[in-house]
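Let me begin by presenting the structure, written as structure tokens, before commenting on it.
Any read-out appearing in this document is the output of simple, stated calculations on the displayed coordinates, not a laboratory observation. The model shown is predicted, which means the values in this text are computed figures rather than measured ones. Here the Cβ is made from the backbone with ideal geometry for all residues, glycine too, and neighbour counts use every protein chain on show.
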Amino acid sequence: MAAMDLFGRRWALRILWELRAGPLGARALLARCEGLSSSVLYQRLRELTSSGIIAPSADGYELTRLGTALGHALRPLDEWAITWAQEQEHNDQQPTQT
């Protein structure tokens, strides 16, 4: 359950998502995550680093081996989310019956 607690924290999964393509610095993460405050970002970076999911690098922060494996595990969820969003869009376009 500790993992679910960590990933359920606001912005944690978004930060991991943004790091999937390679290392990013804090400024780049802030720019990509509109609405994320620097204090929350640094708190999440500390939490994700102490959990072994990300690590500091010369270019900012990057996924560790465990973080990369997590990214692979989240792909089916991303595929489901795309399907769900398409269904929602389709349902929104249907005329409502009265």
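A Stokes-Einstein calculation at 4 °C with viscosity 1.567 mPa s, built on the Kirkwood radius of the stretch 18-97 over Cα pairs, returns a diffusion coefficient of 88 µm²/s. Applying the criteria of a DSSP loop state and at most 14 other Cβ atoms within 10 Å to the GluC sites (Glu not before Pro) of the stretch 1-93 yields Glu34.
Calculated mean residue ellipticity, 222 nm, the chain: -20000 deg cm²/dmol, from DSSP H runs (n ≥ 4) at -39500 (n - 2.57) each, averaged per residue and rounded to 500.
Using 0.36 nm times the number of residues separating Ser57 and Asn91, minus their current alpha carbon distance, what extension gain do you get?
Numbers: separation 34, 0.36 × 34 = 12.24 nm, distance 4.43 nm.
Here the answer is 7.8 nm.
For the chain, the longest principal axis of the Cα atoms and the long axis of helix 65-93 meet at an angle of about 20 degrees.
So how strong a dipole does the chain carry about its Cα centre when Lys and Arg Cβ are +1 and Asp and Glu Cβ are -1, to the nearest 20 debye?
For the chain, the charge dipole is close to 440 debye.
Count Lys and Arg as plus one, Asp and Glu as minus one, and take only other residues whose Cβ is under 14 Å from that of Ala21; the net charge is then 0. The GNM of the chain, with springs linking C-alpha atoms under 10 angstrom apart, assigns the highest mean-square fluctuation among Arg20, Arg46, Arg75 to Arg75. Compared with the dominant principal axis of the Cα atoms in the chain, helix 38-50 is inclined by about 70°. Label positions at Met4 and Thr64, each projected 7 Å from the Cα along the C-beta direction, are separated by 2.3 nm. Largest GNM mean-square fluctuation among Ile15, Ile53, Ile82, using the chain with Cα springs under 10 Å: Ile82.
Over all other residues within a Cβ to Cβ distance under 15 Å of Ile82, the charged ones net out to -3, with Lys and Arg as +1 and Asp and Glu as -1.
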